[in-house]
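To start, the structure itself, in C-alpha cells.
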Amino acid sequence: MKIVTILGARPQFIKAAAVSSLFSRYFDEILVHTGQHYDANMSDVFFEELNIPNPKYHLNIGSGSHGAMTGAMLTEIEKVLEIEKPDFVLVYGDTNSTIAGSLAASKLLIPVIHVEAGLRSFNKAMPEEQNRILTDHISDLLFVPTQTAADHLKNEGITKGVHLVGDVMYDGILHFTKIAQEKSNILEELNLNAGEFLLCTIHRAENTNSLERLTAIVSGLNACKELVVLPLHPRTLKYITDYGLKLADTIRVIEPVGYLDMVRLESTAKKIVTDSGGIQKEAFFLGIPCITMRDETEWVETVHNGWNILVGANEAKIVDAIRSFNPTSERKTYFGEGNASQLMVDPILNYKKEGI
Ligand code: UD1
Ligand code: UDP
C-alpha cells in the first residue's frame, strides 16, 4: 500500500519522526517536502538527527503570501500525485502545506489521512484554524489526538473515518527524551543550569504581525528580570528588527535549535513561555509549567488540568505568571498511551476492505 506524505514545516518533521519509522514496516511511504521551511535549522537538522527518511520530492516552494505559497504547493503536489498514484495522501496538523496536500489529493479522489484532526481554537482569523477546518472536511481517515478533538468533529457532522489514537507528539517525546538527555550538550554549550532559566518561543502570526502585541510580549519578558532562553523563529527575528524592539540583557537569543536540544531545554527549564501549539503539549508531557501567550488554545486539556495558563499578549499577566504560576495538580492522560502511530496502522490497512 502506497502512502504519499506531505511535509513542509518544523512541527511536521517532528511528527513524521514519530510515525515514519513505524510506517516503513507496513507501508511504502513516500515523503514530499514542500519547502515551506527551508533554513538548515528549520528543516535539515530534523532529518539528520531524527532519522526521518529522505524525501523523494523537494518542491522548494519557500516563503510567500498565503495564496502564492498554497497555490504553488497545490500545483506541484498534484504533479507528484499524478506520477505516484498513491492509495492515500497523509497530512499533519494545520499549516499551508497541510491544506495544499489534502486539497490536491481530494480533487484527484485520493483518500486523505489527516493526523492531528479535530483541533479547534474557534478563532477563524488564525490561518491554522482555516487550514484545519478545511482539511478535516475533505479527509477520509481522521486520526484525533484527544476526545475533545473527536467531539469537535462530531459537532461539525464528521463521524465517518474518525479514530481516537492519541497524540503522535507524545509518541515522539517518549521515544526521544532519553536520547536528548544523552546526546544534547545544549546546557553546557550555553552555560545554563537546569531549573535556572525560562524557555521562550514566539512565532504565531497574531503575535508577530502586531506591533502592539509583540511590544507587550517583549516588555513582559524584559520586565520579569529572569534569564530567558529564546530560540528565535526567523519570522519573529524579522519583526523584532523591523519594529526596532529592544531585548533586555537577561534575554538570551539563540538560533532555532534541533529537536534533541529543544527537548533538553524544555525538560530542564523552570517554566516555558510560548505561543507554540506543539510546545504547550510537550511542556505538559514533561511536567513543566507552561505560560501561553495566546487568547485561546486548541489544547484546552492542559489548561483545565492546571499546567498551562493563557496570558494573551498582556505584559502584566506575562510577568505575573512568570513569578507566580506554579501548578501542582496531578497530570491526567488525555493524549493516549504513546502508541498513536501504531494505532493508525489497522484503520489504514482496513480502509478499503471496510469501505469506510
Ligand atoms: C508556519 C505555520 C504555523 C506553524 C509554524 C511552525 C502556516 C500558515 N503557518 O508558520 O502553523 O506553527 O509554521 O513553525 O502554515 N522563514 C525563514 N526560513 C524558514 C522558514 C520561514 O526565514 O526556513 C521566515 C520567512 O520570512 C517566512 C516567515 O518565516 O515568510 C514565515 O514562515 P511561514 O512558513 O509562512 O510561517 P510560520 O510562521 O513559520
Ligand atoms: N522546536 C524545535 N526547535 C526550536 C523550536 C521548536 O525543535 O527551536 C520543536 C518543538 O519542540 C516542537 C515543535 O518544534 O516539537 C513545535 O513547532 P513550532 O512551535 O514551530 O510550531 P507549532 O507546534 O506551533 O505548529
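The values are calculated or read from the model by the stated rules, or taken from the named source; none is laboratory data. Worth saying up front: this structure is predicted, and the values here are computed from it rather than measured. Here Cβ is always computed from backbone atoms with ideal geometry, including for glycine, and neighbour counts include all displayed protein chains.
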Helices (runs of 4 or more DSSP H) enclosed by region 127-189 - at least 3 residues per element that are under 21 Å from residue 297 (Cα atoms), in contact with a Cys (Cβ under 7 Å, 6 or more places away or on another chain) and within 12 Å of ligand 2 (Cβ to nearest atom): none
Scan of region 81-120 for residues that are over 26 Å from residue 300 (Cβ atoms) and within 16 Å of ligand 1 (Cβ to nearest atom), ordered by number: 100, 101, 103, 104
Residues of region 115-147 classified as of a type in the set (Ser, Thr, Tyr) and surrounded by fewer than 24 Cβ atoms within 10 Å (Cβ to Cβ), total: 2
From the options 177, 159, 146, residue that is in contact with a Phe, Trp or Tyr (Cβ under 6 Å, 6 or more places away or on another chain) and of a type outside the set (Phe, Trp, Tyr): 146
Residue selected from region 19-33 under the condition more than 18 Å from residue 102 (Cα to Cα) and without any contact (Cβ under 8 Å) to a residue 40 or more places away in the chain, by the criterion farthest from ligand 2 (Cβ to nearest atom): 28
Entirely in region 191-250, the helices (runs of 4 or more DSSP H) that have 2 or more residues that are touching a residue at least 60 places away in the same chain (Cβ under 8 Å) and either away from ligand 1 (no atom under 16 Å from the Cβ) or within 17 Å of the chain's Cα centre (by Cα) (or both): 205-208, 211-223
Residue tally, condition within 16 Å of ligand 2 (Cβ to nearest atom), assigned to a loop (DSSP other than H, G, I, E, B), out of contact with any Leu (no Cβ under 6 Å at 6 or more places or on another chain) and not β-branched (Val, Ile, Thr), over region 77-124: 7
Any hit, region 255-262, residues being touching a His at 6+ places or on another chain (Cβ under 9 Å), modelled with pLDDT of 95 or more, over 22 Å from residue 338 (Cβ atoms) and charged (D, E, K, R): no
Candidates 327, 256, filtered to the one that is within 12 Å of ligand 2 (Cβ to nearest atom) and either more than 17 Å from residue 169 (Cα to Cα) or not in a helix (DSSP H, G or I) (or both): 256
From the options 241, 297, 268, residue that is of a type outside the set (A, V, I, L, M, F, W, C) and under 30 Å from residue 183 (Cα atoms): 268
Failed item in (1) touching a residue at least 12 places away in the same chain (Cβ under 8 Å); (2) in a loop (DSSP other than H, G, I, E, B); (3) more than 13 Å from ligand 2 (Cβ to nearest atom), with residue 36 passing the rest: (3)
Of all residues making up region 39-76, the number that are within 16 Å of ligand 2 (Cβ to nearest atom), surrounded by 14 or more Cβ atoms within 10 Å (Cβ to Cβ) and more than 15 Å from residue 104 (Cα to Cα): 10
Any hit, region 3-18, residues being surrounded by fewer than 24 Cβ atoms within 10 Å (Cβ to Cβ), over 19 Å from residue 105 (Cα atoms) and more than 16 Å from ligand 2 (Cβ to nearest atom): no
Test: residue in region 1-11 that is among the basic types (Lys, Arg), part of a strand (DSSP E or B), more than 16 Å from ligand 1 (Cβ to nearest atom) and modelled with pLDDT of 95 or more: yes
Count of region 234-251 residues which are within 12 Å of ligand 2 (Cβ to nearest atom) and either buried (at least 20 other Cβ atoms within 10 Å of the Cβ) or of a type in the set (S, T, N, Q) (or both): 1
Flag for residue 319 being crowded, with 18+ Cβ neighbours inside 10 Å and not in a helix (DSSP H, G or I): no
